[in-house]
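Heads up, the thing below is written out as structure tokens.
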Amino acid sequence: MIKYIYVPLILLMMGLIGCLSSGKTATETEPHVSVTWELVSNLTQKKDEFEAKFVMTNNSKLTLTEENWALFFNMAPRPIVAHSKPQPASIQHINGDYYKLVPEKGFRLEPGATIEIHYMGTEGVIKETDAPVGLYFVFYGKKEQIVQVDDYRVKPFVRTEQIRRSRDDLEPLPTPEQTYRNNLGLSQLDTDAILKIIPTPVRVVAGARTFPLDNRLTIHYEKRFENEARFLKKKLEVLTGRSFRVSSTGPVAETGIYLRSGRVKVNDREEEAYRLQIGDNGIAITANGAAGAFYGVQSLLALIPAEHYLQASRSISLPFIMVEDAPRFAFRSLHLDVSRNFQTKETILRLLDLLAFYKINHFLFYTTEDEGWRLEIEGLPELTEVGAQRQHTASMHDPVMHPAYGSGPVANQNGRYGSGYYTRKDFIEILRYANERHIKVIPELNFPGHARAAIKAMEARYHRLMKEGKSEEAEKYRLVDPDDQSVYLSAQGYKDNVVSVARESTYRFYEKVVDEMAKMYQEAGLKMDVIHAGGDEVPEGAWTGSPLAAQLLKTQPDIKDPRNLQTYFFRELLKRLEKRNLTVHAWEETVLTKTATGKLAPNPEFVGRKVVPYIWNNMFDYPDLGYRLANAGYPVVLCNVSNFYFDLAYSNDPKEPGLYWAGFVDTRKAWTFAPYEMYRTTYTTHMGQPLDTGKEPAGWQSLKPEARKNILGVEAQLWSETIKGRDMMEYYLLPKLLGFAESAWAAERSWETISSTDRREQEIQAGWNRFANTLAQKELPRLARLNGGYNYRLPLPGAIIEQGTLKANVAFPGLTIRYTTDGTEPHIESAVYRGPVKASGTVKLKSFDASGRSSRTTLVQPQEVLTNR
């Protein structure tokens, strides 16, 4: 067992540096076992239970016995159920998503032999990303050996019982034929019919003539718009390959690009409003303030045709146009979790550029969670020395971070994303970079739950200082009751992720971190006036076995029950944050209380105290919770899981990565959102059961007209349990983010207020068709080059072969479908699908955009072949 290691593991004592650092196959003297994992079925005899199996082949000269090995791995935390038949090995849950497979008595696997180990678990498993990850063996003997599994295979999910979550799953199977049917209501539009800018401006008046944009034009700006002028200069120089001049001199008569102050009011909004005009006299951007001027610049860049992003041009033709615009919501945000899996500083900067282009003005930077602490805090080095790296440990009780989400046994290993953090310098750079792009970074410190990384770091600090004889200093920031015997299991499977709310040191720690964060903002030239306090998913059972909590309940009998200690904690924390003049954002749980019947209801205690709850739940037991809190007087941010949780997979295709506990979220769902009548754009339950969008659900509390002002805005969420690296993050985000940007910025869509379901759906379909065409013909090809290029998802073609004829379509009309009939993969020179064609055998298809990028492959067979299977 490895204990008390606060720096990356060296593992010299294991004699495995070569195997662990490079991932090379073990030599003949080292154990080498290949592993295959297969989902057997989600449709077992018991409801909501799946069966899976490991297949192990011993390729070494070592005989595996009941005593000399264990296989450690990560998988989505689901309770393991005993198999109906005795198995040669069994799975034990350690903590979180950390498990191990251990041999039963009498286990024996001779060299060259293969063995199957079946197990059962609760809830269906339908994604290849659900398979166990980060596998490594620990071999026990005279010395302990750790060997990462490099010969590992996940069998593909192809059978119905592998794709259905349960017998209650009503989501259509992800076949090419079903995709084809889904796309039938879409049609390709001419280029002049697509949107000029995304998100759609309030008013656009286009002329028939064009204006040449080239480097003969000077960018003239008023002094307050210098940042925006220089930003535009850099962007135009990249696009044209030519240098542009900027000038802050007074008004001049020459044709040029002008950034000017002036009153602009659009839809009763002045903040962030702008006017963009292109005509005989050049280009003029007029705005009340710098943010409006910046968004005018972004709209100018958005007007540039995609081909100029794909191929630099000295001169760009822009249409004569007048745009008047302002956002619908002042708060437009993206949340990014970098704690479960880390993202580099460079990735964050690229992301900020993307957010700025689509006029997203807040960024909730989730740097603390159970699985990792990602921000350097002066005076508390263990937060990053311990909390920012994950490594092998045999016990959840050791003051180290165990592997999670496939991070493996070694900290800081190339190709893994469990370790890493932002230095103070990094964070300050991110703050400045965001501010230059009119994005406000909201820092986060999630307590009292989701706090395991902080807890483990402070326990390491405690042990270090106690060894040095500094007991008072050791206790100063300790976060746990050492005698707490509470038994609980968090939503992510943790048994030890809740801080003690009865220790003053817990609040002292929080204040210390907040003050250090505020210093970084100050060094960036900014003021930190908002913090997100988390507060979600405190597990049932927390504090029930804590002597310190019991003593607190005695001294404050009004609390009555340990379940109410979360409200006590937030009350006490808020007092401290109010002294720092901070607005406190938090998840919905922080402002809820339990009624005598056990139901949750808005707690009026924090109304009017600069507390802003974020509401994700619009599907389950409290679908109208956002409206209830707004009606109670809380300013709220809508984070609807059915529309804006971008870590949910695009579809139920097993190869499509992501989660699905609340269903599936694609670009259309992010676009189809009615903030004041949410039930109209929540189409199914998480299991695909259709909902009636024509009437309010039973017990629904409508948003009061006077409470509309309490909907501050919207936020998209990107949790990172299944996200490994930059490319995967961008794939989850794009193009969903564009649909979200439209819901966040664009004026109320006409269909939002139509009470007739049929008429509303007709207008939605027409609006979506135009938006989807714009994605295909302009936005996606531009994303291939914008800021160096992003990794976006292209939809797979839908296809069907009936009576010897191939018919195909695509979710974004304007993409090119290419196909092959000889079994090879479609490529940029493959045949183009232009209409129904004869086909007698298997056909492979891909969609391509103007940049040459393609989707994954669709494989379709004649209907008679499928029927005979």
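Computed extension gain for R856 through K61, at 0.36 nm per residue and net of the alpha carbon distance, reaches 282.1 nm. In a simple Cβ point-charge model (Lys, Arg +1; Asp, Glu -1; nothing else charged), the chain has a dipole of about 1640 debye relative to its Cα centre. The heavy atoms of L659 offer some 30 square angstrom of accessible surface to a 1.4 angstrom probe.
Computed extension length for T555-Y683: 41.2 nm, one decimal, from 0.36 nm per residue of separation with the Cα-Cα distance subtracted.
Please give the solvent-accessible surface of I321 in Å², to the nearest 10, using a probe radius of 1.4 Å with every protein chain present. I321 exposes around 10 Å² with every protein chain in place. Per residue, the chain exposes 39 Å² of accessible surface when a 1.4 Å probe is rolled over the protein heavy atoms with every protein chain present. Rounded, prolate or oblate: pick one for segment 555-598, where a ≥ b ≥ c are the square roots of the eigenvalues of its C-alpha gyration tensor, a/c under 1.5 means rounded, and failing that, prolate if a/b is larger than b/c, else oblate. Oblate shape, in that a/c is at least 1.5 and b/c is the bigger or equal ratio.
Think of the chain as a dipole: +1 on every Lys or Arg Cβ, -1 on every Asp or Glu Cβ, centred on the Cα centre; then among H93, Y422, A229, A229 lies furthest on the positive end. If both residues of a DSSP beta bridge must be in the chain, then about 65% of such bridges are antiparallel. Classify segment 584-683 from the C-alpha gyration tensor, please: rounded if a/c falls under 1.5, else prolate or oblate depending on whether a/b exceeds b/c. Prolate, since a/c reaches 1.5 and a/b exceeds b/c. Among beta bridges identified by DSSP and lying wholly in segment 315-409, the antiparallel ones come to about 25 percent. Each listed q (0.24, 0.29, 0.30 Å⁻¹) maps to a log10 I(q)/I(0) for segment 658-721, found by the Debye formula over equal Cα scatterers with no solvent: -1.24, -1.35, -1.37. Taking GluC sites (Glu not before Pro) across segment 348-445, the ones in a DSSP loop with at most 14 further Cβ atoms lying within 10 angstrom of their Cβ are E378. Ordering Q863, N787, P403 by the projection of their Cα atoms onto the charge dipole of the chain, which places +1 on the Cβ of Lys and Arg and -1 on the Cβ of Asp and Glu, puts N787 at the extreme positive end. Between E748 and N227, the modelled label-to-label distance comes to 3.3 nm, taking each label 7 Å out from Cα in the direction of the beta carbon. Taking amide H as placed 1.01 Å from N in the peptide plane, I442 has its amide H under 5 Å from the amide H of F363, L364, F365, each at least 5 places away in sequence or on another chain. As a ratio to 2.2 N^0.38 Å, the alpha-carbon radius of gyration for segment 407-534 is 1.23. Calculated translational diffusion coefficient of segment 755-869 (4 °C, 1.567 mPa s; Stokes-Einstein with Kirkwood radius over alpha-carbon pairs) equals 84 µm²/s. Note on segment 468-563: along the principal axes its Cα atoms extend 45, 37, 30 Å, ordered by decreasing extent. The shape of segment 449-608 comes out oblate: with a ≥ b ≥ c from the C-alpha gyration tensor, a/c is at least 1.5 while a/b does not beat b/c. Please check which bits of segment 791-813 a label hung off T842 would reach, taking the label as a point 7 Å along Cα-to-C-beta and the cut-off as backbone N under 17 Å. Answer for segment 791-813: 799-801.
Spatial offset of segment 365-439 relative to segment 758-804 amounts to 36 Å, using the alpha carbon center of each.
Look at the alpha carbon pairs under 8 Å that are at least 6 residues apart: their mean separation over the length of segment 403-533 gives a relative contact order of 29 percent.
Where the accessible area of the chain is counted over protein heavy atoms with a 1.4 Å probe, how much of it, in %, is carbon and sulfur?
C and S atoms contribute 49 percent here.
Per residue, the chain reaches -7000 deg cm²/dmol at 222 nm when only DSSP H runs of four or more residues are counted, each adding -39500 (n - 2.57). Entry note: segment 66-106 has Rg to Rh equal to 0.97, where both radii use alpha-carbon atoms and Rh is the Kirkwood radius. Mean separation of Cα pairs under 8 Å and 6 or more residues apart, divided by the residue count, gives the chain a relative contact order of 12 percent.
Remark: the Y140-D727 segment gains 207.5 nm on full extension, using 0.36 nm per residue and subtracting the alpha carbon distance. If R0 is taken as 22 Å, the Cβ-Cβ distance between F620 and Q765 corresponds to a FRET efficiency of 0.20. Normalised Debye scattering of segment 232-383 at q = 0.19, 0.20 Å⁻¹ gives log10 I(q)/I(0) of -1.20, -1.27, counting only Cα atoms as equal scatterers and leaving out solvent. The magnitude of the dipole of segment 186-288, with charges of +1 and -1 set on the Cβ of Lys/Arg and Asp/Glu and taken from the Cα centre, is near 260 debye.
A protection proxy built from the mean count of other Cβ atoms within 10 Å ranks the segments 690-702, 139-151, 76-88, most packed first, as 139-151, 76-88, 690-702.
Using R0 = 25 Å, the C-beta based FRET efficiency linking V158 and A113 works out to 0.35. Where the alpha-carbon atoms of the chain are placed on the principal axes, they occupy 86, 74, 57 Å, in descending order. Taking R0 as 51 Å, what FRET efficiency do you get between N281 and K519 from their Cβ-Cβ distance, rounded to the nearest 0.05? Once rounded, the FRET efficiency stands at 0.60.
Simple rule: put +1 on each Lys or Arg Cβ and -1 on each Asp or Glu Cβ in the chain, find the dipole, and look at P654, A434, F157; the Cα lying farthest toward the positive end is A434.
Its relative contact order, with pairs defined as Cα atoms under 8 Å and 6+ residues apart, puts segment 554-643 at 22 percent.
The values are calculated or read from the model by the stated rules, or taken from the named source; none is laboratory data. What you see is a predicted model; the values in this text were computed from it and never measured. In this analysis, Cβ positions are derived from the backbone assuming ideal geometry, glycine residues included, and neighbour counts consider all displayed protein chains. Ligands, DNA and RNA are excluded from the accessible area calculation, which covers all protein heavy atoms including side chains. Shrake-Rupley method; radii C 1.70, N 1.55, O 1.52, S 1.80 Å.
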